[in-house]
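See structure below.
What follows is calculated from the coordinates using simple rules that are stated; it is not laboratory data. For clarity, every value in this text was computed on a predicted model and none was experimentally measured. When we count neighbours, we look across all protein chains shown, and the Cβ atoms used for this are built from the backbone with ideal geometry, even at glycine.
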Amino acid sequence: MADSALLFDPTDPATALDPFPSYARLREHGPVWHSPQSGIHFITRHADVHAAWRDKRLGSDFSQRYTPEEFIRDKADLQPWRDDRYADFKAFERWDMIALEPPDHTKLRRLVTTAFTPRSIEAQRGPASRLISERIAAARERGSLDLVQDLAEPLSLTIICELIGVPEPDRMRILALSHDVVSMYEPSPSDAVKDHANLAVREFAAYTADLIRARRRQPADDLLTGLIDATVDGEHLSDEQVISTVMVLLMAGHEASVNAASNGVAAFAAHPDQWQLLRAGTVPMKSAIEEILRWDPPLQFFQRWVLDDGFEVRGVQIPRGSKVGLMIGSSNRDPEKYENPDAFRIERGETSHLSFGGGIHFCIGAP
């Protein structure tokens, strides 16, 4: 058990900086690794993660079928469900599209897709180009550029806020709240971090509710108005559903985009030969983007629950009520799927990576 525990520790800062050697050890250990610290069963191989995304025996939410007491195997995991300190966070997650299962997920995703049009996305090209030009010009004059603070964060924030309809004076507030909320999803967050995240959700939800009321008084050509007006089978989204959806889009659309942009620049900095290929026009930009997403995905793994008996991975039984980790970063470096997977080669252009997820939860913002 002691040796097994050393295979992977997501809370270790060294692992966070470079998790890929740990992923290789996990794949060598077997197709599934059970973490003694977290209780999560990590699935490591590309074929298995790909199949798991689409397996209806796995899900993000069990509350439509079971109570926590009758479902959760590790009784220590019951504490968050009984803890009223995080009521605001639980209310947000009730309609978090990433965590929903059918039929709620089906209806909500259809409504969001109705409002999330190619025209609305294409309309962001102009503002994005202007912001990039302004930021690069300022960096040249200053003589330095902090990629995240000076470019990736402002660019991502501008695009998603323009798309949704968040006024410019409010955007830095949204950025700070987004950082606070997503800290809840870090490995083993402290009580102080959880308390701060819960307060951030409360403020974020109150702000979004005010924005919804403003759009009802004065509709605009933005995603928020589209969400308010959209119907499926004659039904509109409730205010609670709109609030959670807007929060998810702001956080997921912003955080993942910043990570992807930063990872891409870091990859090219470590592989100048690949940067020269891209600059020379030898390899299409789309191919390079796909390799960035494969080589260092913006999100490393997603958690699911085993909802039914009989779930197994290559002969390894995982009981109902267990937590499963779908390891995107490991599956994208699986030698069973990719030749020389640790090499960053932009001509590879593989679209089979799992960085956008899969199944009903495939990223709604994916190209």
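Here are a few things to note about the model shown:
- Listed by chain and number, the lysines whose C-alpha is less than 28 Å from the C-alpha of Lys107, apart from same-chain residues fewer than 8 away, are Lys56, Lys90, Lys323.
- Dimensionless Rg ratio for the range 26-169, taking C-alpha atoms and the 2.2 N^0.38 Å reference: 1.49
- The ranking of Glu141, Glu69, Glu101 by Cβ neighbour count inside 10 Å, starting from the fewest, reads Glu141, Glu69, Glu101.
- Summed side-chain charge close to Glu350 - residues other than Glu350 whose Cβ falls under 15 Å, Lys, Arg +1, Asp, Glu -1: -2
- Convex hull volume of the C-alpha atoms in the range 167-278, normalised per residue: 174 Å³.
- Globularity ratio of the chain, using Cα Rg and 2.2 N^0.38 Å: 1.02
- J(HN,Hα) series, the range 302-319, from Karplus relation 6.51 cos²θ - 1.76 cosθ + 1.60, nearest Hz, glycine and proline x: 10, 9, 9, 9, 7, 8, 9, 5, x, 7, 8, 10, 6, x, 8, 7, 10, x
- Set of lysines with alpha-carbon distance to Lys337 below 22 Å, sequence-local pairs under 8 removed: Lys286
- Legend: ranking of residues Val201, Val248 from fewest to most surrounding C-beta atoms inside 10 Å; resulting order Val248, Val201.
- Ordering Val32, Val182 by the number of other Cβ atoms within 10 Å of each residue's own Cβ, fewest first, gives Val182, Val32.
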